[in-house]
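The values are calculated or read from the model by the stated rules, or taken from the named source; none is laboratory data. Every value quoted in this text rests on a predicted model; they were computed, and no experiment measured them. Here the Cβ positions follow ideal geometry from the backbone for every residue, glycine too, while neighbour counts run over all protein chains shown.
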Amino acid sequence: MPTDPGCKVDAAVERYGLDSADPVYESIDEGLLARWKGSDDRTPMGYRSLTEWFNKRLLKQVYDEYGRDSLGARVDSDYEALRSDDELVREEMVESLSADGIDAERVLEDMVSYGTIRNHLQECLDGDKAPQTAETDWERESIEVARGVAREKAERALSSLESKGRIDGVESSSIEVQIQLRCESCPTRIPLEVAVKQGYVCEKHNQTPATSH
């Protein structure tokens, strides 16, 4: 398969020895393509999910190299901490990795974005998959479940804050949970419902024009 000498995925694969890091497929590129397309009865994965999967394989490889425990959900929880918007959580994770001799900043720098994964699949690996046409509602139902969980947790937290005298009017108010999508190339941010309706997040950086229905 053709490769791009400037591809960050290829660079990470070579630097961290990830070519055989896929636990199911012979190579990590084969695994990326299979998971993206939904081969072997697998549910197709999106670019963002594949990005997270790839970055976690990279982190696990680093842990194995430095003798840091990578069993159970350790890699998952550490990855979330490293990518956290909470600066304190992120700094504590960086310090923990440094204690094991791991250059966390370098690891973070070498992790890839969903745009990089997308380009790697489409350009480097010549990947192509037919759009899904099945009429299902599981995606929308999953989003509603996520909203419900967030709403429930917020209600509990606000009730606790009200009982401590930190906030008033909770009982007479309602909680609205909105999921927004942000373009990684510019400050554009829009509600999920709008993105689904128009078929893209950012018109300027839209890679695949939406098909009109």
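Among the residues of region 191-202, what is the count of those that are without any contact (Cβ under 8 Å) to a residue 12 or more places away in the chain and either over 18 Å from the mean Cα position of the chain (by Cα) or exposed (fewer than 11 other Cβ atoms within 10 Å of the Cβ) (or both)? Counting residues in region 191-202 that are without any contact (Cβ under 8 Å) to a residue 12 or more places away in the chain and either over 18 Å from the mean Cα position of the chain (by Cα) or exposed (fewer than 11 other Cβ atoms within 10 Å of the Cβ) (or both) gives 4.
Summed over region 102-117, residues that are assigned to a helix (DSSP H, G or I) and closer than 17 Å to residue 205 by Cβ total 4.
Checked against (1) in contact (Cβ under 8 Å) with a residue 12 or more places away in the chain; (2) part of a loop (DSSP other than H, G, I, E, B); (3) surrounded by fewer than 16 Cβ atoms within 10 Å (Cβ to Cβ), residue 69 meets all criteria but (1). Selection within region 174-187: residues that are closer than 21 Å to residue 144 by Cβ and in a loop (DSSP other than H, G, I, E, B). The member of this set that is farthest from the chain's Cα centre (by Cα) is 174.
Against the numbered list (1) modelled with pLDDT of 90 or more; (2) farther than 22 Å from residue 101 by Cβ; (3) not small (Gly, Ala, Ser), residue 2 comes up short only at (1).
The listed residues are 98, 77, and the only one of them that is among the hydroxyl-bearing types (Ser, Thr, Tyr), in a helix (DSSP H, G or I) and at pLDDT 95 or above turns out to be 98. Of the residues that make up region 118-137, is at least one among the small types (Gly, Ala, Ser), assigned to a helix (DSSP H, G or I) and over 21 Å from the mean Cα position of the chain (by Cα)? No, because not a single residue in region 118-137 is among the small types (Gly, Ala, Ser), assigned to a helix (DSSP H, G or I) and over 21 Å from the mean Cα position of the chain (by Cα).
Please go through region 41-66 and give me each residue that is over 14 Å from the mean Cα position of the chain (by Cα) and touching a residue at least 60 places away in the same chain (Cβ under 8 Å), ordered by number. If the condition is that a residue be over 14 Å from the mean Cα position of the chain (by Cα) and touching a residue at least 60 places away in the same chain (Cβ under 8 Å), then 44 is the only one that fits.
Considering each of 42, 15, 48 in turn, give the residue that is surrounded by fewer than 17 Cβ atoms within 10 Å (Cβ to Cβ) and in a loop (DSSP other than H, G, I, E, B). Answer to the selection: 42.
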